Structures are given as C-alpha cells and as structure tokens.
1. Within the bounds of region A:92-101, is there any residue that is more than 19 Å from B:SER18 (Cβ to Cβ) and at pLDDT 95 or above?
2. Would you pick out the residues in region B:64-75 that are near DNA strand C (Cβ under 9 Å from one of its atoms) and in contact with a helix residue (DSSP H, G or I) (Cβ under 8 Å, 6 or more places away or on another chain)?
3. Taking region B:34-50, which residues are open to solvent by 90 Å² or more (accessible area, probe 1.4 Å) and either out of contact with any helix residue (DSSP H, G or I) (no Cβ under 7 Å at 6 or more places or on another chain) or β-branched (Val, Ile, Thr) (or both)?
4. With the checklist (1) among the hydrophobic types (A, V, I, L, M, F, W, C); (2) under 22 Å from A:VAL13 (Cα atoms); (3) without any contact (Cβ under 8 Å) to a residue 60 or more places away in the chain in hand, flag the one item A:MET76 doesn't pass.
5. Looking only at region A:1-53, how many residues end up being of a type in the set (Ser, Thr, Tyr) and either more than 8 Å from chain B (Cβ to nearest Cβ) or in a loop (DSSP other than H, G, I, E, B) (or both)?
6. Quick check on my filter: what residues within region B:54-76 are in a strand (DSSP E or B) and either in contact with a Leu (Cβ under 9 Å, 6 or more places away or on another chain) or open to solvent by 100 Å² or more (accessible area, probe 1.4 Å) (or both)?
7. Against the conditions (1) under 21 Å from A:LEU100 (Cα atoms); (2) away from DNA strand C (no atom under 14 Å from the Cβ); (3) under 13 Å from the mean Cα position of the chain (by Cα), where does B:ASN61 fall short? Just the number, please.
8. With the structure loaded, tell me whether B:SER97 is facing another protein chain (nearest Cβ under 7 Å), assigned to a loop (DSSP other than H, G, I, E, B) and in contact (Cβ under 8 Å) with a residue 12 or more places away in the chain or whether it fails that test.
There are 2 protein chains.
Amino acid sequence: MKDNMTGDELLKVLEALSNPYRLQIISILYQERQYVSQLARHLGISRPLLYLHLQKLEEANLLIGHHEISKNGKAMKFFELNSFEIKLTEQIIAQLSSSLTKKRKGD
Amino acid sequence: MKDNMTGDELLKVLEALSNPYRLQIISILYQERQYVSQLARHLGISRPLLYLHLQKLEEANLLIGHHEISKNGKAMKFFELNSFEIKLTEQIIAQLSSSLTKKRKGD
DNA sequence: TTCATATGTAATAATTTTATTACACGTGTA
DNA sequence: TACACGTGTAATAAAATTATTACATATGAA
C-alpha cells in the first residue's frame with residue numbers, strides 16, 4: 001500500500017475495515033482466494049450482502065476481483081487480497097487530517 | 001498502545017477512527033489539549049455531537065478526559081491524546097479476526 | 001439580578017449502513 | 001427439459017450512526 005496517502009484515502013480504508021465481516025473476509029482471503037458464492041457460504045451470509053462488503057473493501061483498494069471461467073464453463077468471480085501495510089499514530093493522523101475533504105461545515 | 005490486542009479491541013479502534021470529525025479531533029488534540037466547549041467551537045459542531053464523538057474515541061482508548069477547575073472557578077473538562085501506534089497488515093488482521101466475537105451467525 | 005460561559009444529558013430526527021427478499025440470466029449435466 | 005450452481009442487481013426493510021433541539025445545573029463578572 002502506498003505510503004503517501006491522503007486523508008480521504010485513509011478514511012476510506014478505515015471505514016472499510018470497521019466491520020467484523022469485512023475483517024473476516026480479509027482473514028479468509030489471506031488463506032486462499034475464493035469466488036463469491038464460496039465466500040458467502042464460508043461466512044454464512046447472502047451474496048447480496050457479501051457484494052456490499054466486497055465492494056467497500058475493493059473501493060478501499062484492499063482487495064481485487066476478477067472473472068474466470070472454470071473448467072466446467074461456469075463464470076466465477078474470484079477475489080484476492082492486495083497486500084497492505086498501514087501505520088496509525090496520532091502524528092500520522094494529524095498530518096493526513098489536513099487533507100480531509102469530507103463533511104466539513106465549510107464545504 | 002498495547003501490541004497484543006484482541007480482534008474486538010482492534011475493531012473498536014477502527015470504528016472510532018472511521019469518521020472525519022474524529023480524525024480531526026485527534027489532529028487538534030495532537031497540537032494541544034483542549035476543553036470540550038473550546039473543541040466544539042474549533043470543529044464548528046455542537047457539544048452534544050462532540051460528546052458522542054469523544055465518547056467513541058475514549059472507549060477505544062485513544063484519548064482521555066478529566067476535569068479541572070480553572071482560575072476563575074469554572075469546571076472544565078479537558079481531553080488529551082493517548083499515544084498509539086497500530087500496524088495494519090493483512091496478516092495481522094487475519095490473526096486478530098479469530099478473536100472477533102461480534103455479529104457472527106452462531107453467537 | 002442578569003449575562004456570559006462552562007458542564008451534562010434526554011429526547012428526537014435525519015442519515016447512513018447493514019441486511020433481506022425477490023428477481024433475471026447463463027452453463028453443464030441428469 | 002429440469003436441476004444444480006454460478007453471476008448480478010433492484011427494491012425494500014431493519015438497525016446503527018450521526019446530528020439537532022431543548023433542557024438543567026454551576027460560577028464569576030457587570
């Protein structure tokens with residue numbers, strides 16, 4: 001993960017990570033890439049809900065999905081993790097928060 | 001910040017940090033401690049709303065508040081930052097997610 | 001006494017996030 | 001053809017988070 005992030009990007013990542021299912025998704029995909037239905041069964045949630053969570057993680061650039069055609073001709077959507085390393089300290093947050101554009105009175 | 005966190009504790013911190021006002025609060029308190037009304041003016045938000053945000057940050061152990069009596073006799077509640085350093089990688093999340101107790105079907 | 005400035009919280013409203021239900025479509029196999 | 005198993009999404013409901021309004025209390029200074 002890039003080291004010079006904006007405040008908005010950091011916030012997006014933090015939002016993406018602030019949900020137990022999404023942490024679990026990362027944990028599962030850390031072990032092996034999976035396709036959507038498989039992952040939904042694994043987590044015990046519906047596909048529509050899983051899509052929502054995957055979308056947030058993907059938008060934060062924490063994972064990436066792509067289609068593949070299986071041997072038996074089925075279209076499968078696989079997701080896999082992007083590698084990342086983010087350090088959170090009060091100082092880093094103080095620096096990045098100057099580039100936050102969201103939800104401020106004056107905007 | 002302690003280095004051996006549980007999944008639930010990590011999640012609490014991530015939830016606390018996933019809001020632009022709360023990142024701003026950290027940024028302001030990184031520069032100097034402030035009392036509640038002062039901080040509210042600084043952010044341009046109401047005290048009740050600020051209390052809500054402060055509470056989430058305090059529950060995640062990112063800051064701490066205490067009362068002081070000013071020279072002119074007013075009771076002031078000051079908040080100051082706790083120092084923290086949290087590293088987020090896919091591996092760390094994978095490890096901690098096993099100790100997540102929230103929102104899982106079987107609970 | 002009245003004003004300005006603190007703290008604190010209860011009740012409610014608005015908004016966003018999370019979750020469910022019900023579809024549509026496609027392919028290989030029995 | 002019917003079934004099992006994939007993808008994808010629209011519409012809606014439920015729940016949680018965020019925000020506002022309206023109070024109550026206290027102190028010092030004008």
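1. no
2. Residue satisfying the conditions is B:GLY65 alone.
3. In the first step, residues of region B:34-50 are kept if they are open to solvent by 90 Å² or more (accessible area, probe 1.4 Å); the result is B:41-42, B:47-48.
Once the filter is applied, which keeps residues that are open to solvent by 90 Å² or more (accessible area, probe 1.4 Å) and either out of contact with any helix residue (DSSP H, G or I) (no Cβ under 7 Å at 6 or more places or on another chain) or β-branched (Val, Ile, Thr) (or both), region B:34-50 yields B:ARG41, B:PRO48.
4. In the conditions (1) among the hydrophobic types (A, V, I, L, M, F, W, C); (2) under 22 Å from A:VAL13 (Cα atoms); (3) without any contact (Cβ under 8 Å) to a residue 60 or more places away in the chain, A:MET76 misses (2) alone.
5. Within region A:1-53, the first condition is being of a type in the set (Ser, Thr, Tyr), and the residues that meet it are A:6, A:18, A:21, A:27, A:30, A:35, A:37, A:46, A:51.
Keeping just the survivors that are either more than 8 Å from chain B (Cβ to nearest Cβ) or in a loop (DSSP other than H, G, I, E, B) (or both) gives A:6, A:18, A:35, A:37, A:46, A:51.
Residues that pass the stated criteria total 6.
6. B:LEU63, B:ILE64, B:GLY65, B:HIS67, B:ILE69
7. For B:ASN61, the exception is condition (1).
8. So B:SER97 does not fit the description; no.
The values are calculated or read from the model by the stated rules, or taken from the named source; none is laboratory data. Only a predicted model underlies this, so the values are computations on that prediction, with no experimental measurement involved. Cβ: placed from backbone, ideal geometry, glycine included. Neighbour counts: every protein chain shown. Ligands, DNA and RNA are stripped out before the accessible areas are found, and what is left, the full protein with its side chains, is counted by its heavy atoms. Shrake-Rupley method; radii C 1.70, N 1.55, O 1.52, S 1.80 Å.
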